[in-house]
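One structure is given below, encoded as structure tokens.
A short reminder: the numbers here are calculations on the coordinates, not readings from a lab. For clarity, every value in this text was computed on a predicted model and none was experimentally measured. Reconstructed Cβ throughout: ideal geometry from the backbone, glycine too, with neighbour counts over all protein chains shown.
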Amino acid sequence: GINLHPSLLPKYRGSAPIPWAIIKGEKETGNSIIKIDEGVDSGPIILQERIEIKPEDTARSLSERMAEEGASLLLKAFSLFKEKRAELRTQNDAEATFAPKLKKSDGLINWKREAVEIHNLVRGLAPWPSAYTYLEDKCLKIWESEIKQEGGKPGEILEANKDQLLIACGKGSLLIKSLQREGKRRMAANEFLRGHPLKKNFEFRI
């Protein structure tokens, strides 16, 4: 049989290739059609197609786009087999990387990391399990963010006015655009701050 895998194999073998490609900061990924063998996503490649990872992409938006592209790639592969024109290319196992199944703990933000890394985590883990931090022992999911250059102590709130929530990272800072407190609905940062005033210099747990 044949299989559609949403990565440019041999990169990102495993069950969560789309989130991990975003988390790792890749600028492109793609679909691979492979012949199934005994290994995990290690069979010979029949067709591949590159797909750009846009700066605003989340795991959800990229998954939707890749599913559409993948369906047409599968049809091409079936045609090649029908016409006996399919050419198989062996994967180079030395170049293989892995994309293990996501766990909720993958989403815990370490504010000592660079802003770009945390931003990619936010994008890659939307919608599940989502990137999160803790506010007064309550889980606070971060849904949308933007990279900024201002610096400070990692986890420290640099701005918490009615317009913006800015948190310092290991390098740069993260502007939080939408978030969700445990047991509450998702909301824009300015709406959240009206109901949960935060003080400048407050520090999130690292």
Give me the one-decimal Kirkwood hydrodynamic radius in Å for the range 104-195, with the sum taken over alpha-carbon pairs. 12.8
Of the residues GLN180, VAL116, GLY155, the Cα lying farthest along the dipole of the range 104-195 towards its positive end, which is defined by charges on the beta carbon of Lys, Arg, Asp and Glu, belongs to GLN180
Please list, or write none, the lysines whose alpha carbon is within less than 24 Å of the alpha carbon of LYS138, excluding same-chain residues fewer than 8 places away. LYS103, LYS104, LYS112, LYS153, LYS162, LYS177, LYS184, LYS199, LYS200
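Which net charge results for the neighbourhood of ILE157, defined as the other residues with beta-carbon distances under 12 angstrom from its beta-carbon, given Lys and Arg at +1 and Asp and Glu at -1? Intermediate results must be reported in sequence, preceding the final value.
On the way: positive: LYS153, LYS199, LYS200; negative: GLU150, GLU156, GLU159, GLU203.
Summing Lys and Arg as +1 and Asp and Glu as -1 gives -1.
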If you add up the charges near ILE206, with Lys and Arg at +1 and Asp and Glu at -1, over every other residue whose beta carbon is less than 12 angstrom from its beta carbon, what do you get? +2
Using only Cα atoms, find the angle between the long axis of helix 59-82 and the longest principal axis of the chain, and express it within 0 to 90 degrees, rounded to the nearest 10. 0
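If the chain between LYS138 and THR97 were fully stretched, how many nm would it gain, using 0.36 nm times the residue separation less the Cα-Cα distance? Can you show the working numbers first?
Values: separation 41, 0.36 × 41 = 14.76 nm, distance 3.48 nm.
Taking 0.36 nm per residue and subtracting the Cα distance, the gain is 11.3 nm.
Tell me, in nm to one decimal, what length is gained between ASP37 and GLU114 on full extension, where the rule is 0.36 nm per residue of separation less the Cα-Cα distance?
Working: separation 77, 0.36 × 77 = 27.72 nm, distance 3.93 nm.
The span from ASP37 to GLU114 would gain 23.8 nm if fully extended.
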Just to be sure I understand: of the beta bridges DSSP finds with both ends in the range 104-195, what percent are antiparallel, rounded to 5? 90
Added length on full extension, which subtracts the Cα-Cα distance from 0.36 nm per residue, LEU88 to GLU56: 8.1 nm
How tilted is helix 115-124 with respect to the longest principal axis of the chain? Cα atoms for both, answer in degrees (0 to 90, nearest 10). 60
For every other residue with a beta carbon closer than 9 angstrom to the beta carbon of GLN180, add +1 if it is Lys or Arg and -1 if Asp or Glu, then tell me the sum. +4
Just name one of ALA126, ALA77, GLY1: the one whose Cα is farthest towards the positive end of the charge dipole of the chain (beta-carbon charges, Lys/Arg +1, Asp/Glu -1). ALA126
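Can you sort PHE192, PHE78, PHE204 so the residue with the fewest Cβ neighbours within 10 Å comes first?
Numbers: PHE192 20, PHE78 14, PHE204 17.
Least to most surrounded, the residues fall as PHE78, PHE204, PHE192.
Rg/Rh for the range 2-95 to two decimals, with Rh computed the Kirkwood way over all alpha-carbon pairs. Walk me through the numbers before you get to the answer.
Working: Rg = 13.1 Å, Rh = 13.5 Å.
Rg/Rh: 0.97.
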Based on DSSP, what percent of beta bridges with both residues in the chain are antiparallel, to the nearest 5? 90
Please enumerate, by chain and number, the aspartates and glutamates with C-alpha under 13 Å from the C-alpha of LYS35, excluding those fewer than 8 residues away in the same chain. GLU87
Rounded to the nearest 20 Debye, what is the dipole magnitude of the chain about its Cα centre when Lys and Arg each give +1 and Asp and Glu each give -1 at the C-beta? 480
Using Cα springs under 10 Å in a Gaussian network model of the chain, which residue among SER63, SER178, SER79 shows the largest mean-square fluctuation? SER79
